[in-house]
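Q: Just passing along the structure, written as structure tokens.
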Amino acid sequence: MQSIGGPIGKWLLTIVYGREMDIETVKERAGPREFSAKDDMPEEYRKAATRMIQFHANSEIMGAYLERPFIRQAPSLERKLAFSAKTQDELGHGQLLYRAAESLGIKTRDEMLDELANGEGKFLNCFHYPMESWVETPMIAFFVDGAAMRRQATLKNTSWEPYAHAMDKVCFEEGFHVKHGEAILHELMTGSKKEQEMTQEAFEKWWPRIIQFFGPTDKQSTHHGFASEVGLKQMSNDELRRAFLNSYVPKAEKYGLEIPDTPRITKNDDGTYEVNEDDLDWDEFFQIAKNEYEPGVGQIDGRKKAQEAVAWVRESMDKHEQGIYGGGESPQAAD
Amino acid sequence: MIWEVFRQKKAGDYHTHCGNVHAPDRDMALLFAEVQHGRRMPTNSLWVVPKDEIGEVDTEDVAFGGTTDKSYRWAMTYNFEAAAEEVAASESEQSEAEQQRRSVVEGDD
């Protein structure tokens with residue numbers, strides 16, 4: 001559909017597909033799982049949903065690449081098995097989400113994967129930072145996955161039905177990831193003094209990035225308004241960050257991690273936590289958001305190389321598919 | 001030809017298989033599905049799919065989930081109190097799925 005542009009194209013589309021829903025109707029109807037591929041959604045909605053789901057899909061893929069080296073570096077057979085299962089899950093989540101994004105008719109999966117390879121595809125800030133040591137793994141596998149799960153649980157009620165359906169399966173699987181991450185954290189924090197110190201160091205390095213996971217404050221967030229008005233997004237960045245802190249600060253403290261002094265975090269009278277946003281490095285965050293942060297570029301290129309290395313697999317599968325369904329004939333059972 | 005029918009109860013739900021119909025083409029299949037499967041059961045939408053287009057693999061062919069111990073894939077294996085309600089929800093879904101798997105394997109379902 002993308003190739004048909006201009007007023008004539010729009011007119012043609014109207015003839016072929018009927019009238020698209022206007023934005024006001026979308027906002028009025030926007031409830032959980034309200035819209036699917038058979039609804040003629042306005043382009044503004046389809047673009048916003050594509051941006052959001054593509055970002056999510058890219059993040060699953062980049063997260064898997066970040067953790068992949070630790071299949072090899074795992075200290076025990078159990079950890080090796082769990083890490084390979086988890087990495088496999090994350091890549092699967094990426095595929096599910098590309099399908100959900102594709103169903104909006106804006107971009108194909110191939111286009112999105114190419115965008116990720118050439119540095120246009122955006123993804124979560126935390127996955128732009130390389131991970132060097134085993135003690136860093138719970139920072140992703142417990143805290144970042146925990147933060148992601150908080151967000152994903154709310155997205156079960158997103159208005160784009162295919163996205164919500166993808167979240168059902170993602171959330172089902174994700175509980176294992178977070179608890180496995182917690183098991184590693186527990187193991188390290190009850191290990192030798194050296195292990196505990198190294199884990200604390202890793203925590204201090206990752207903590208501000210983890211806080212920034214939920215993005216800028218609502219005031220600075222450019223896309224929040226529309227996405228929440230049309231029911232794509234269910235909770236604001238600030239609400240999600242607060243909910244995350246309320247669950248995970250006590251957990252961190254329970255395992256003996258010291259919460260770093262910056263960013264300043266205050267405890268309210270009702271026991272909830274608040275973070276001082278000005279203490280965070282937003283220049284770095286927005287540099288990352290543009291895919292211009294140097295270590296992150298390395299992550300993107302690393303994945304691109306891996307994708308190129310297995311191009312022959314995709315090509316042979318495409319050829320095979322052409323052999324079966326190609327040649328202008330429709331699939332057998334359509335007669 | 002035969003068309004398999006999938007019914008969705010209400011918007012946002014999954015389409016689940018509910019039966020099949022004989023019909024010479026897709027439009028007739030939809031009409032028959034409507035009459036046979038959409039009249040009394042709560043229905044928001046129906047899908048029809050040519051039977052020949054459906055691929056199947058079952059327990060005769062494979063052991064779903066494998067034959068080795070894969071407990072490392074389950075949240076319940078990691079014996080900690082869930083960090084947040086969504087983690088607990090995921091764990092109870094997994095626990096339910098595992099129990100159902102077990103009862104099917106052991107034949108008391």
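Q: Identify, by number, the condition in (1) touching a residue at least 24 places away in the same chain (Cβ under 8 Å); (2) part of a loop (DSSP other than H, G, I, E, B); (3) touching a helix residue (DSSP H, G or I) at 6+ places or on another chain (Cβ under 9 Å); (4) not hydroxyl-bearing (Ser, Thr, Tyr) that B:Lys10 doesn't meet.
A: So the condition that B:Lys10 fails would be (3).
Residue-wise test of (1) within 23 Å of A:Glu239 (Cα to Cα); (2) surrounded by fewer than 22 Cβ atoms within 10 Å (Cβ to Cβ); (3) at pLDDT 95 or above.
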{"residue": "A:Lys122", "(1), (2), (3)": "yes, yes, yes"}
{"residue": "A:Pro138", "(1), (2), (3)": "no, no, yes"}
{"residue": "A:Ala148", "(1), (2), (3)": "yes, no, yes"}
{"residue": "A:Gln152", "(1), (2), (3)": "yes, yes, yes"}
{"residue": "A:Lys156", "(1), (2), (3)": "yes, yes, yes"}
{"residue": "A:Tyr163", "(1), (2), (3)": "yes, no, yes"}
{"residue": "A:His180", "(1), (2), (3)": "no, no, yes"}
{"residue": "A:Met189", "(1), (2), (3)": "no, yes, yes"}
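Q: Give the residue, chosen from A:Glu187, A:Glu174, A:Glu197, that is of a type outside the set (S, T, N, Q), without any contact (Cβ under 8 Å) to a residue 12 or more places away in the chain and either part of a loop (DSSP other than H, G, I, E, B) or within 14 Å of chain B (Cβ to nearest Cβ) (or both).
A: On the way: A:Glu174 fails: without any contact (Cβ under 8 Å) to a residue 12 or more places away in the chain; A:Glu197 fails: either part of a loop (DSSP other than H, G, I, E, B) or within 14 Å of chain B (Cβ to nearest Cβ) (or both).
Answer to the selection: A:Glu187.
Q: Go through segment B:70-87 and report how many residues are within 24 Å of the chain's Cα centre (by Cα) and more than 7 Å from chain A (Cβ to nearest Cβ).
A: 3
Q: Select, from B:Ala63, B:Ala29, the only residue that is modelled with pLDDT of 95 or more and more than 23 Å from A:Glu34 (Cα to Cα). Walk me through it before giving the result.
A: On the way: B:Ala63 fails: modelled with pLDDT of 95 or more.
Exactly one residue qualifies, and that residue is B:Ala29.
Q: Of all residues in segment A:287-300, how many are part of a helix (DSSP H, G or I) and in contact (Cβ under 8 Å) with a residue 24 or more places away in the chain?
A: To start, the set of residues in segment A:287-300 that are part of a helix (DSSP H, G or I) comprises A:287-289, A:294-300.
Filter once more, keeping what is in contact (Cβ under 8 Å) with a residue 24 or more places away in the chain: A:288-289, A:295-300.
Number satisfying all stated conditions: 8.
Q: Looking at B:Glu96, B:Glu86, which is the one that is closer than 30 Å to A:Glu182 by Cα, part of a helix (DSSP H, G or I) and touching a Cys at 6+ places or on another chain (Cβ under 7 Å)? Even if it seems obvious, please write down each step before you answer.
A: Working: B:Glu96 fails: touching a Cys at 6+ places or on another chain (Cβ under 7 Å).
Only one candidate passes the filter, namely B:Glu86.
The values are calculated or read from the model by the stated rules, or taken from the named source; none is laboratory data. Computed from a prediction, not measured in an experiment: that's the story for all the values here. Reconstructed Cβ throughout: ideal geometry from the backbone, glycine too, with neighbour counts over all protein chains shown.
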